[in-house]
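As structure tokens, the structure follows; a few thoughts come after it.
Any read-out appearing in this document is the output of simple, stated calculations on the displayed coordinates, not a laboratory observation. Since this is a predicted model, take the numbers as computed values, not measurements. Ideal geometry is used to build each Cβ from the backbone, glycine not excepted, and the neighbour counts take in all protein chains shown.
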Amino acid sequence: MLRTFDVILMGVMVAAAVVTYSIKHKADLKLEEVRKLEAEIKLEKDTIDLLRADWALLTQPNRLHRVVNAYQTELGLSPTLPTQLAQPRELPMLRSQLPQPPEPEGMSVEDVIAAAVNGSKPGATLGGASKPKSPPAGQIAVNGVPVPTPRARVSRPAPAPTPVPVASATTGDETGEMDETITGSVNR
């Protein structure tokens with residue numbers, strides 16, 4: 001009887017050792033996965049920092065000014081006028097957001113507007129129901145289907161051409177000059 005009990009205890013110890021080893025192995029695999037993820041996160045953070053530094057370099061006002069001056073004839077850029085700027089509250093509403101007044105039966109929009117201008121009730125003197133409906137304002141009817149008319153283009157005066165300075169360009173710099181904020185302590 002003692003021998004069977006010993007064999008059972010040895011089996012339990014072997015089973016416990018196998019379970020302990022498998023748990024340790026799974027923990028090591030999870031730890032390796034965590035380290036891989038941490039390395040990927042660090043790489044992504046470093047990439048983000050590098051891209052932010054690159055963005056800061058590319059958007060420096062003095063660099064942009066040099067690039068605009070160098071490519072003025074090709075780009076045809078002009079300074080932004082204060083009249084070109086608008087606040088969101090100054091923009092017109094979308095057509096889907098405009099309230100739609102109910103249209104009286106048999107009357108067009110022009111009839112309602114004409115009646116409002118004349119000071120009479122819509123359809124009172126215009127004979128509303130007998131008149132066929134006309135296309136909406138600003139539209140031309142083609143085969144009975146309203147077609148929107150295109151908007152007129154706004155013409156702006158062309159900017160006066162500015163002389164482009166000619167400079168000998170070196171590799172990596174548009175004007176041949178190195179930027180002090182970029183290079184730091186480079187000897188000239």
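Of note:
- Lone unmet requirement of (1) polar (S, T, N, Q); (2) in a helix (DSSP H, G or I); (3) surrounded by 10 or more Cβ atoms within 10 Å (Cβ to Cβ) for Ser78: (2)
- Leu57 fulfils the conditions (1) within 24 Å of the chain's Cα centre (by Cα); (2) without any contact (Cβ under 8 Å) to a residue 40 or more places away in the chain except for a single criterion, (2).
- The listed residue being in contact with an Asp or Glu (Cβ under 9 Å, 6 or more places away or on another chain) and surrounded by 10 or more Cβ atoms within 10 Å (Cβ to Cβ), out of Ala15, Ala70: Ala70
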